[in-house]
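Student: One structure coming up, written as structure tokens, with questions to follow.
Quick note: the coordinates plus some simple rules give every number you see, no bench work behind them. Computed from a prediction, not measured in an experiment: that's the story for all the values here. Quick reminder, even Gly has a Cβ in these numbers, built from the backbone with ideal geometry, and neighbours come from all protein chains shown.
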Amino acid sequence: MNYELIGISVLWIFLYGYLIVASVDFGAGFFAYYTKVTNRGHIINKLIERYLSPVWEITNVFFVFFFVGIVGFFPDTAYYYGSALLVPASIAIILLAVRGSFYAFESYGSKQSNTYMFLYGATGLLIPASLSIALALSEGGFIVEEDAVVSLKYFELFTSPLAWSIVGLAIVSVLFISATFLTFYASRANDQPALKLVRRYAIFWSTPTIIAGLTTFIFLGQHNNRHYENMMDLWWMLGLSVLFFMIAMWLLYQGKRYGLAFISVMLQFFFAFFAYGIGQYPYILEPYINIHDSVTNDSMAIALVIAFIGGLLLLIPSLILVMRLFLFDADYVKGKK
């Protein structure tokens, strides 16, 4: 059995789950701070707090599963990425710790602090920017191994149009996904002032998102033609991504079916994200980590496949339960409990 394909598929699903759930969380934190400094916090901050309160602690579960799984299935990732990403990954971990700590201080403290809100909002953009560097590195050309020493070519990374386009795409995608979800959430709460504001944010950030996606695709072709050509062979997945984006935008402009609009955005990113992942096959890091050559032994692979499929089957119903009990409870979403 091809355990490496099963393993990487399950891990990619976990990473996609983190992409969606974390984007809503990160973007909500930024919007909470932005509206506060622009004197519009009273319009949507209560709505954001009702969303964040039950889910902010579980957002990183998807990421933890992916991180543990990628190292378990493909041990070479710890060697190459662990050495090259020592500084960027350390920054991301610190930002995650700061974000969680200051959210707790802001939410459960006796008085609100602009500093806490600023840190919470800023990390909402800095964390996806720092994590997205790993995608740039996977394209090859930024990590070198000489005399059994792995190092990151910082100058090439910081001057790479592809790297900066991926960072930009990560930031605007977070804001677009989050704004679309908050639009849906405000409509469920029947909060018309909040709905009007976040719907405007969703429409605004849609244009930078599609531009950033196209720009990244162009720079990918210049940097890694093999990956670019593989994605071109998956034109139907990219076409479906664009189609669902257009459906989401039409619904947002029409001002109706916001739940379907958010599902369309999820499908937009699903097809684009999986086209990117399939196009990268068989590499995790070009040219060093090939999933066929770097996979762990069969016994370990079988145990991990069983564990992670079981974890996925447990995590998804748990999230659905949280949503039914809290997020989409008729009284809770309207702030009545």
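Student: Where nothing but the Cβ of Lys and Arg (+1) and of Asp and Glu (-1) is charged, how large is the charge dipole of the range 3-333 around its Cα centre, in debye to the nearest 20? Intermediate values should be presented prior to the final figure.
Tutor: Details: 15 positive and 19 negative charges, 367 e Å.
So the dipole magnitude of the range 3-333 works out to roughly 1760 debye.
Student: Which angle between 0 and 90 degrees, to the nearest 10, do you get for helix 298-322 versus the longest principal axis of the chain when only C-alpha atoms count?
Tutor: It is inclined by approximately 10 degrees.
Student: Over the chain, what is the relative contact order in percent, taking alpha-carbon pairs closer than 8 angstrom and at least six residues apart? Walk me through the numbers before you get to the answer.
Tutor: Values: 398 pairs, mean separation 81.8, N = 337.
The normalised contact order for the chain reaches 24 percent.
Student: Measure nothing fancy, just the Cα-based angle from helix 41-55's long axis to the longest principal axis of the chain, in degrees from 0 to 90, nearest 10.
Tutor: Here the helix axis deviates by roughly 50 degrees.
Student: Next up: Quick one, which of [x] 42; [y] 33; [z] 38 is the actual percent of Cα pairs over 31 Å apart calculated for this model?
Tutor: Here percent of Cα pairs over 31 Å apart agrees with entry [y].
Student: Explain nothing, just compute: Karplus ³J(HN,Hα) = 6.51 cos²θ - 1.76 cosθ + 1.60, θ = phi - 60°, for every residue of the range 155-168 in order, whole Hz, x for Gly and Pro.
Tutor: With the stated coefficients, the range 155-168 comes to 5, 4, 5, 6, 10, 8, x, 5, 4, 5, 5, 5, 4, x Hz.
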